[in-house]
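Asker: Quick one: this structure, given as structure tokens, is what I'll be asking you about.
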Amino acid sequence: MAALQMVSTAQVAENLQTAGDLIAEAVGQGAELVALPEYFPIMGMKDGDKVKVREAEGRGPIQDFLAGTASKHGVWLVGGSIPLVAGAADKVFNSCLAYNPRGECVARYDKIHLFGFQKGRERYDESASIEAGQQLASFDTPFGRVGLSICYDIRFPELYRALGVTDLLVIPAAFTETTGRAHWEILLRARAIENQCYLLAVAQGGKHANGRETHGNSMLIDPWGDVLDRRSKGPGVVIGEIDHARIAEVRASLPALQHRVM
């Protein structure tokens with residue numbers, strides 16, 4: 001499995017080319033499941049830019065790229081997040097789509113928790129342009145059950161409890177440098193430890209044309225909370241394997257999932 005870190009621009013075509021190149025690189029290293037970051041097709045100059053390129057579910061150049069690329073390489077592909085049509089004309093769903101090796105969409109997750117942050121002149125309010133999702137999403141693969149969430153969701157452990165037992169959590173993100181430096185790795189390792197599963201965190205990582213700086217540090221974490229691979233900044237591939245014996249060992253030695261009472 002591979003996490004593909006990007007520093008996406010405001011140009012969809014440019015980002016799709018970069019994503020395609022990184023996917024090919026990961027497949028060349030043996031990846032069978034590949035994941036892209038949040039907002040991989042567009043980091044717009046303003047909130048309205050993602051509304052302009054939003055797609056209806058099942059059709060559009062971004063979804064065609066994801067389906068075609070999954071089929072071309074014969075891999076499971078988690079499409080980070082893309083803007084899909086929402087109920088309001090001036091909003092989108094921030095949606096993570098997963099495709100099987102035949103290019104079929106097998107799961108959709110719309111981001112439930114919408115980021116809000118203000119510190120000095122730095123301010124974010126996702127609810128201004130994004131409509132919150134309502135449903136959890138997971139899917140089965142030959143190498144285990146995969147649960148989906150996006151970025152800010154990692155601050156809400158009850159979401160992962162509600163997903164049930166999974167072998168792998170895939171978390172696309174575009175964490176800010178400010179919040180990421182303070183909390184990103186701590187939260188990721190906690191979610192892996194709590195759920196005793198592998199966690200693949202797939203980040204935007206660098207300075208974007210819109211002035212935003214994202215934290216990066218895409219990483220693969222094992223069920224004990226150990227970081228197996230990491231990329232701090234810039235585009236690149238984080239890669240590793242799911243070891244089911246490791247999952248079983250951790251769950252047998254510390255059966256916390258069985259000890260839950262609520």
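The values are calculated or read from the model by the stated rules, or taken from the named source; none is laboratory data. Being a predicted model, the structure only gives us computed values, none of them experimental. Virtual Cβ from ideal backbone geometry, glycine too; neighbours counted across all protein chains shown.
Asker: With Val250, Val261 as the choices, which residue is over 30 Å from Glu126 (Cα atoms), out of contact with any Ser or Thr (no Cβ under 6 Å at 6 or more places or on another chain), among the β-branched types (Val, Ile, Thr) and part of a helix (DSSP H, G or I)?
Answerer: Going through Val250, Val261 in turn, the sole match is Val250.
Yes/no per residue for (1) modelled with pLDDT under 95; (2) over 19 Å from His208 (Cβ atoms):
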position	(1), (2)
Ala35	no, yes
Pro41	no, no
Asp47	yes, no
Glu55	no, yes
Ala67	no, yes
Lys72	no, yes
Pro83	no, no
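Asker: Which residues, counting only those in the range 144-157, are closer than 15 Å to Val106 by Cα and either in contact with an Asp or Glu (Cβ under 8 Å, 6 or more places away or on another chain) or in contact (Cβ under 8 Å) with a residue 60 or more places away in the chain (or both)?
Answerer: Once the filter is applied, which keeps residues that are closer than 15 Å to Val106 by Cα and either in contact with an Asp or Glu (Cβ under 8 Å, 6 or more places away or on another chain) or in contact (Cβ under 8 Å) with a residue 60 or more places away in the chain (or both), the range 144-157 yields Gly144, Arg145, Val146, Leu148.
Asker: Select from the range 204-232 the residues that are basic (Lys, Arg) and in contact (Cβ under 8 Å) with a residue 60 or more places away in the chain and write down the one among them that is farthest from Arg123 (Cα to Cα).
Answerer: Among residues in the range 204-232 that are basic (Lys, Arg) and in contact (Cβ under 8 Å) with a residue 60 or more places away in the chain, the one farthest from Arg123 (Cα to Cα) is Arg231.
Asker: Also, I was wondering about something else. Taking the options Val250, Val227, Val238, name whichever one is surrounded by 15 or more Cβ atoms within 10 Å (Cβ to Cβ) and either closer than 15 Å to Pro172 by Cβ or of a type in the set (Ser, Thr, Tyr) (or both). Explain how you work it out, then say what you get.
Answerer: Working: Val250 fails: either closer than 15 Å to Pro172 by Cβ or of a type in the set (Ser, Thr, Tyr) (or both); Val227 fails: either closer than 15 Å to Pro172 by Cβ or of a type in the set (Ser, Thr, Tyr) (or both).
Going through Val250, Val227, Val238 in turn, the sole match is Val238.
Asker: Between Ala162, Ala201, Ala182, which is without any contact (Cβ under 8 Å) to a residue 60 or more places away in the chain, outside any loop (DSSP other than H, G, I, E, B) and under 23 Å from Ala98 (Cα atoms)?
Answerer: Being without any contact (Cβ under 8 Å) to a residue 60 or more places away in the chain, outside any loop (DSSP other than H, G, I, E, B) and under 23 Å from Ala98 (Cα atoms) holds for just one of Ala162, Ala201, Ala182, which is Ala162.
Asker: Out of the residues in the range 123-169 that are among the polar types (S, T, N, Q) and over 18 Å from the mean Cα position of the chain (by Cα), state the one that is surrounded by the fewest Cβ atoms within 10 Å (Cβ to Cβ).
Answerer: Here the answer is Ser127.
Asker: Restricted to the range 105-122, and to residues that are of a type outside the set (Asp, Glu) and within 23 Å of Phe139 (Cβ to Cβ), which residue is surrounded by the most Cβ atoms within 10 Å (Cβ to Cβ)?
Answerer: Per the criteria, the residue is Tyr109.
One line per residue, one yes/no per condition, for (1) assigned to a strand (DSSP E or B); (2) within 21 Å of Gly236 (Cα to Cα); (3) of a type in the set (Val, Ile, Thr):
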position: Thr18; (1), (2), (3): no, yes, yes
position: Ala24; (1), (2), (3): no, yes, no
position: Met45; (1), (2), (3): no, no, no
position: Asn94; (1), (2), (3): yes, no, no
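Residue-wise test of (1) surrounded by fewer than 17 Cβ atoms within 10 Å (Cβ to Cβ); (2) aliphatic (A, V, I, L, M).
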site	(1), (2)
Leu4	no, yes
Ile23	no, yes
Val34	no, yes
Pro41	no, no
Met45	yes, yes
Ala56	yes, yes
Trp76	no, no
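Asker: Still on this structure, please answer the following. Listed residues Leu168, Leu136, Leu187, Leu114; which is out of contact with any helix residue (DSSP H, G or I) (no Cβ under 7 Å at 6 or more places or on another chain) and either among the hydrophobic types (A, V, I, L, M, F, W, C) or without any contact (Cβ under 8 Å) to a residue 40 or more places away in the chain (or both)?
Answerer: Within the list Leu168, Leu136, Leu187, Leu114, the selection yields Leu168.
Asker: While we're looking at this one, here's another question. Of everything in the range 99-158, what is in contact with a Lys or Arg (Cβ under 6 Å, 6 or more places away or on another chain) and among the acidic types (Asp, Glu)? Give them in sequence order.
Answerer: Within the range 99-158, Glu131 is the sole residue that qualifies.
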